[in-house]
């Protein structure tokens, strides 16, 4: 049976800057004003949002649109894969973000995963039924860069509708290169997620979001306890190990912290092995695929072939090793900004 397909309005947030990646090119209000303006001018039944530092993969809309045949579906999101052929700094940021320890249970946002229902999804690759978008008031520009979290919360809890993750509807999304741009972006995410954990607990008050803050607090405790124990040394034989009772307690907690951090870095090491394996596997997979062309050919995007095996192994090892300090530093900064948003932020400043 033939069915007329719905009209889709693709809204690209364009900042009209010379920088092709448009890193931090506009203030938050400018960013969201453009997104909302696009939604108001769009004539389609479906609003397909994509950031201007991303470009769609093959059959992006073809895999996305059919889900809207079901009335209970308000939105569809897909993965944002880091394109190949980018700088090693951007690639390092991409693999760190997409890895199990970098993304936690949300690796499917960066790499194709299992089709599922979600209640929170980034708007770098998100399509929404226009009628539902208007019913919840669209994007709230006061919450950038978390306006998509607020929108998804309204769609799933106010309207009681579903958002579907479709792994085949992917875009290629550029990352902020390491280290400062990467940290700035993740810090903004942490600040807003912490703020949302307090005011929008249904989708943001989740233990996984508190883990980076726990790592930060533990790291600070290790440093301060080491300094205290060094200064509290006492040669008196009546004291165990030259410590006061308080110092003994601090030492015991510090020992637990040392073991915990040893386990944490061991997990980071295992995560680096995952990254190494993923890079090698992706290289072999794309080398046999029609998708494996350079980034400059946007009509058929994907990684460029690596014909030199030594080059591949060297690159994979480098990215795997870099991921350990990158993820650790990112966890610390995200954790600090999360606490700032959760404990101290009264209102988000655009």
> What order do you get for 337, 198 when you list them from fewest to most C-beta neighbours inside 10 Å?
Replying inline: 198, 337
>> Can I get the semi-axes of the stretch 63-222's equivalent ellipsoid? Compute them from the C-alpha gyration tensor as square roots of 5 times the eigenvalues, in angstrom, largest first.
In response: 27, 21, 14
> If one computes the Cα centroid of the stretch 138-188 and of the stretch 316-346, what distance in Å separates the two points?
Replying inline: 18
>> Sorting check: for 106-118, 90-102, 184-196, 271-283, which peptide has the highest mean count of neighbouring beta carbons within 10 Å, and how do the rest follow?
In response: 90-102, 184-196, 271-283, 106-118
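Computed from the coordinates by the stated procedures, all read-outs in this text should not be read as laboratory data. These numbers were taken from a predicted model, which means no experiment stands behind them. Cβ: placed from backbone, ideal geometry, glycine included. Neighbour counts: every protein chain shown.
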